[in-house]
Amino acid sequence: MKKSLALSLILFVLYASTAGIAMARNLGEESSDDTEFVKASCETTTYPELCFQSLSSYASEIKKRPRQLAETALAVSLARAKSAKTYVSDMTDYKGITERQHEAVSDCIEEMGDTVDRLKNSLKELKHLEEGESGEDFWLCLGDVRTWTSAALTDEYTCLDGFGGKAMEGELKTLIREHILRVAQDTSNALALINVFASKH
């Protein structure tokens with residue numbers, strides 16, 4: 001009786017251990033596949049390294065779903081745009097700022113406000129679309145997503161254009177350019193991944 005109980009316990013432990021190892025292996029393979037999906041998709045973007053750097057940590061949530069990948073990319077771009085808008089707003093008190101620079105900063109704040117609004121609209125609309133869906137309504141919604149994201153990208157570069165010319169050279173321009181350019185790169189990548197999603201339909 002005792003020997004039988006002991007044997008059963010040993011067999012149970014072995015089974016549990018084997019099942020645990022197999023589950024861990026499957027999860028590891030799935031995680032690896034998810035990461036490879038993000039990497040392969042990012043190769044289609046303008047800034048593939050930045051794309052993978054920004055999105056690889058969300059691979060387990062994305063799970064090889066093109067729409068989820070595009071949605072995550074938009075969310076990352078939106079968060080970056082909000083942060084950049086706050087940063088530029090703080091620059092109105094930059095020491096030694098000239099009147100022309102102040103005007104450029106004010107215009108940039110407005111452009112980044114528009115960027116945030118457009119990316120919000122784009123993200124909200126994209127959430128309504130499903131993998132594998134098609135039809136007239138689908139393409140109308142997707143068209144809106146593309147339009148808003150493209151417009152956001154235009155706003156970002158319009159902000160940068162405001163700091164053109166030798167008179168604008170200096171630390172202020174460098175600091176703002178660094179933040180806005182990163183948002184523009186993220187937005188460009190998001191737009192490319194939206195197009196990847198569209199290509200699956």
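The values are calculated or read from the model by the stated rules, or taken from the named source; none is laboratory data. What you see is a predicted model; the values in this text were computed from it and never measured. FYI the Cβ positions are ideal-geometry reconstructions off the backbone, even for glycines, and counts take in every protein chain you see. Quick note on the areas: whole protein, heavy atoms, side chains included, nothing else; ligands and nucleic acids left out. Shrake-Rupley method; radii C 1.70, N 1.55, O 1.52, S 1.80 Å.
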Exercise. Rounded to the nearest whole Å², what accessible area per residue is found for the stretch 29-115 with the 1.4 Å probe?
Worked result: 53 Å²
Exercise. If the viscosity is 0.692 mPa s and the temperature 37 °C, what Stokes-Einstein diffusion coefficient in µm²/s follows for the stretch 51-108 when Rh is the Kirkwood radius over Cα pairs?
Worked result: 241 µm²/s
Exercise. Which value, in Å² rounded to 10, gives the accessible area of residue 117 with a 1.4 Å probe and all protein chains present?
Worked result: 80 Å²
For this session: Could you quote the convex hull projected area for the stretch 128-183, Cα atoms only and averaged over all directions, in nm²?
Result: 4.9 nm²
For this session: Give the residue from 168, 122, 149 lying farthest towards the positive end of the charge dipole for the stretch 118-201; charges sit on Cβ (+1 for Lys and Arg, -1 for Asp and Glu) and the dipole is referred to the Cα centre.
Result: 168
Exercise. What does the accessible area of residue 179 come to, in Å² to the nearest 10, when a probe of 1.4 Å is used?
Worked result: 60 Å²
Problem set entry | DSSP-loop GluC sites (Glu not before Pro) across the stretch 151-201, with at most 12 other Cβ within 10 angstrom | 169
For this session: For residue 134 and residue 64, calculate 0.36 nm times their separation in residues minus their Cα-Cα distance, and state this gained length in nm to one decimal.
Result: 23.3 nm
For this session: Determine the distance separating the Cα centre of the stretch 144-172 from the Cα centre of the stretch 77-128; give it in Å without decimals.
Result: 10 Å
For this session: Write down, largest first, the equivalent ellipsoid semi-axes of the stretch 39-161 in whole Å, where each equals the square root of 5 times an eigenvalue of the alpha-carbon gyration tensor.
Result: 31, 17, 11
